[in-house]
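The values are calculated or read from the model by the stated rules, or taken from the named source; none is laboratory data. Computed from a prediction, not measured in an experiment: that's the story for all the values here. As a convention, Cβ positions derive from the backbone with ideal geometry for all residues, glycine included, and neighbour counts pool all protein chains shown. Ligands, DNA and RNA are stripped out before the accessible areas are found, and what is left, the full protein with its side chains, is counted by its heavy atoms. Shrake-Rupley method; radii C 1.70, N 1.55, O 1.52, S 1.80 Å.
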Amino acid sequence: MSVLIVGSVALDTVETPFGKVEDALGGAATYASVAASLFSKVQMVGVVGTDFPQQHVELLQSKAIDTTGLQRVEGKTFRWSGYYDFDLNQAITRDTQLNVFQDFTPDVPDSYRDAEIVFLANINPQLQLHVLDQVRNPQLILCDTMNLWIDIAKADLLQVLQRVDVALMNEGEARQLCGTSSLITAGKQLLTMGPKVVIIKKGEHGALMFADPAGTGFSEFFAAPSYPLEEIKDPTGAGDCFAGGLSGYLDYTKDGAVNNLRKAIIYGSVVASFNVEDFSLNRLRCITPEDISRRYNEFKTMTAFE
Ligand code: AMP
């Protein structure tokens, strides 16, 4: 089967203390899809304009990503511009140009509608809901979001949370949505809003999972570190790669149990750790299954104790 992924496809201008790229391939769905393609087949839904270089579409297709649902319409591609200071956990947005996103309605092709795993990457929550209205019988639905939607579309986002199994967000978003400084309080509170599993991403400090598999309240907790890297060039897309890798692994293993989710979190962390080693998808596009298993095993050694 395939993972259905919907989200932004972008041309990003990004500056970090270690360099700069202009109009480089980016977007939440792009990062997530390439990450998921390392484990499973991907069906992608998104929109680009007439200025979107064909070579980027070819890159996606070279990863066996189905781009039937990637619409190309008259106008300019979504653009995001941001920078990071030495605190690479915090992206500062300089400019967002919605462009073709303005009038975008994500139509899910018929050939995608039986997807078992659906990952709603960062995009307007109304569009995430529209995708959920079109899929037939997904076994597992995951979603991500960002502070913008908590600010301007909170009611829609709360509806999305009601309809998903796994909610992912970063620590700032979890604190903002739950009005608390404690991530433990936030994780437990998010579990009461609909999802059975909540994963709070903490950038270079790893991720926390809170789960309520039996529907009787919070009962499972997992804390994963991130891979200890000294050289990070560009953290853009790390969260999307984490979520994409995790979704792809869940689709590959067909096992949504909490123990397998723990493994999926580590695989997501492994993929994210490669992505931040270079700008755009420059590193992600060339990682191999051997690279992934090597780092996965390092994670095991790094966290083992008796
Ligand atoms: P991340 O670093 O994982 O938070 O995601 C970075 C990606 O999010 C970039 O490639 C951007 O193109 C994309 N992005 C930024 N702002 C938005 C937005 N308002 N809606 C959807 N995607 C966005």
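Observations
- Only Cα pairs under 8 Å and 6+ residues apart enter the sum, and on that basis the relative contact order of the chain stands at 18 percent.
- Residue-averaged [θ]222 nm for the chain, counting only DSSP H segments that reach four residues, each worth -39500 (n - 2.57): -11000 deg cm²/dmol
- The chain, accessible surface, carbon-and-sulfur percent (1.4 angstrom probe): 47
- Counting only protein heavy atoms and using a 1.4 Å probe, the accessible area of Arg294 comes to about 120 Å².
- Solvent-accessible area per residue for segment 1-144 (1.4 angstrom probe, square angstrom): 41
- Between the residues Val57, Ser40, Gly75, the greatest Cα displacement towards the positive end of the dipole of segment 17-95, with unit charges on the Cβ of Lys, Arg, Asp and Glu, is found for Ser40.
- Computed from backbone phi with θ = phi - 60° and the Karplus coefficients 6.51, -1.76 and 1.60, the 3J(HN,Hα) list for segment 67-80 is 9, 3, x, 8, 6, 10, 10, 4, x, 9, 5, 3, 10, 10 Hz; x is used for glycine and proline.
- Counting only DSSP beta bridges whose two residues both lie in segment 1-105, roughly 40 percent are antiparallel.
- Partners of Lys76 within straight-line reach, counting lysines whose Cα lies under 22 Å from its Cα and excluding those fewer than 8 residues away in the same chain: Lys20.
- Distance (nanometres) between label positions extended 7 Å along Cα→Cβ at Phe221 and Ser182: 1.0
- Here Lys188 is the anchor, and the lysines within straight C-alpha reach of less than 30 Å, apart from those fewer than 8 places off in the same chain, are Lys154, Lys196, Lys201, Lys202, Lys254, Lys263, Lys300.
- Those aspartates and glutamates that a straight Cα-Cα span of less than 12 Å connects to Lys41, excepting residues fewer than 8 apart in one chain: Asp66, Glu116, Asp251
- Computed lengthening from Lys254 to Leu148, 0.36 nm per intervening residue step minus Cα-Cα distance: 34.9 nm
- Phi-based couplings in Hz for segment 189-206 (Karplus 6.51, -1.76, 1.60; Gly and Pro marked x): 5, 4, 5, 7, 8, x, x, 8, 9, 10, 10, 9, 8, 10, x, 5, 9, x
- Among the chymotrypsin sites (Phe, Trp or Tyr not before Pro) within segment 43-132, those in coil by DSSP and having at most 10 neighbouring Cβ atoms inside 10 Å are Phe86.
- Cα centroid separation, segment 1-65 to segment 119-163 (Å): 19
- Full extension of the segment from Gln90 to Glu306, taken as 0.36 nm per residue of separation minus the current Cα-Cα distance, would add 74.3 nm.
- Charging the Cβ of each Asp and Glu at -1 and of each Lys and Arg at +1, and nothing else, the dipole of the chain about its Cα centre rounds to 560 debye.
- Using θ = phi - 60° and Karplus 6.51 cos²θ - 1.76 cosθ + 1.60, couplings along segment 285-293 (whole Hz; Gly, Pro as x): 5, 10, 7, 10, x, 5, 4, 5, 5
- DSSP beta bridges in the chain [antiparallel fraction, %, rounded to 5]: 40
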